[in-house]
1. Is it the case that the stretch 61-76 has a residue that's more than 27 Å from L172 (Cβ to Cβ) and modelled with pLDDT of 95 or more?
2. Would you call P53 assigned to a strand (DSSP E or B) and free of Cβ contacts under 8 Å to residues at least 24 places away in the same chain?
3. Say whether the condition of being surrounded by fewer than 21 Cβ atoms within 10 Å (Cβ to Cβ) and within 17 Å of the chain's Cα centre (by Cα) is met by at least one residue in the stretch 151-162.
4. Looking only at strands (runs of 3 or more DSSP E) that lie completely in the stretch 128-222, which have at least 1 residues being over 22 Å from G99 (Cβ atoms) and of a type in the set (F, W, Y)?
5. Condition first: touching a Pro at 6+ places or on another chain (Cβ under 9 Å) and either on the phi > 0 side of the Ramachandran plot or among the polar types (S, T, N, Q) (or both). Now tell me which residues in the stretch 1-25 satisfy that.
6. Which of the numbered conditions does I28 fail, given that it passes all the others? Conditions: (1) modelled with pLDDT of 95 or more; (2) among the hydrophobic types (A, V, I, L, M, F, W, C); (3) within 18 Å of the chain's Cα centre (by Cα).
7. Say whether the condition of being within 17 Å of E219 (Cβ to Cβ) and either among the acidic types (D, E) or touching a Lys or Arg at 6+ places or on another chain (Cβ under 9 Å) (or both) is met by at least one residue in the stretch 78-93.
8. Out of A163, A154, A127, I need the residue that is out of contact with any Cys (no Cβ under 7 Å at 6 or more places or on another chain), farther than 23 Å from A79 by Cβ and of a type outside the set (S, T, Y). Which one?
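The values are calculated or read from the model by the stated rules, or taken from the named source; none is laboratory data. If you're wondering where the values come from, they're calculated on a predicted model, not measured in any experiment. Note: ideal-geometry Cβ built from the backbone for every residue, glycine included; neighbour counts use all protein chains shown.
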Amino acid sequence: MKEEHFNTLRRHMVEVIGIYADLLGAEIGKHELDPRVLAAMGRVPRHAFVPAPLALHAYENTPLPIGFEKTISQPFIVAVMTDLLDPGPDDVVLEVGTGLGYQAAILAELVRQVWTVEIIEELANSAEERLRTLGCRNVEMRIGDGSTGWAEHAPFDRIMVTAGAELVPPALLGQLKPGGRMVIPTGRPDSQKLTLVEKSAEGELGFRELMSVRFGLLETMR
């Protein structure tokens, strides 16, 4: 498919995201997403972050398999999670669960630095190659247990977790900077909620559950 065709499909994807945001405004707490987030979704080529045979489906509003029983998230969910994170241009962000790198590429458009952790080596290596090909120079990654964060680069202004956990991992709470935000799916697999964690300037934590979601569980080293 020609690049201009992908560009057209990507513009349509962004329009669909906007429609879903309006329809589900009561669940996500707003009827319009940040224009900066939508602009980033309109720039990053999602087809570069899916297996080649699925490129034609990359701009459908649906998750797609990426191997190892993992998926790339539905574009609407990527947009909502990014919007809830409220990333700023000077922010340093930790992402837990790189997958093939799509969410990291979106964040890279919006923040100063992204540190991302992926537990599956094959996915991590593929993500690194895809991000490098697209010129994402403000993304660094490592292979490891994301539930322990990345202490060497903490604290983080923002933390994005793209896998579910019944409870927020304590290490991630500890690595969130005062005044920071974390977005993470929490709860049992059959009753997950997208959860916004906010840490006050004094270090107090607040938790707000929003829309229902379904994510694979956060894997940890055993």
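1. The answer is yes; a qualifying residue exists.
2. Values: assigned to a strand (DSSP E or B): no; free of Cβ contacts under 8 Å to residues at least 24 places away in the same chain: yes.
Taking the combined requirement at face value, the residue does not satisfy it.
3. Checked against the condition, which is being surrounded by fewer than 21 Cβ atoms within 10 Å (Cβ to Cβ) and within 17 Å of the chain's Cα centre (by Cα), the stretch 151-162 yields no hits at all.
4. Answer list for the stretch 128-222: 205-212.
5. N7, the sole residue that qualifies.
6. With (1) modelled with pLDDT of 95 or more; (2) among the hydrophobic types (A, V, I, L, M, F, W, C); (3) within 18 Å of the chain's Cα centre (by Cα) applied to I28, the lone miss is (1).
7. So the first thing to find is which residues in the stretch 78-93 are within 17 Å of E219 (Cβ to Cβ), and the list is none.
No, the stretch 78-93 contains no residue that is within 17 Å of E219 (Cβ to Cβ) and either among the acidic types (D, E) or touching a Lys or Arg at 6+ places or on another chain (Cβ under 9 Å) (or both).
8. A154
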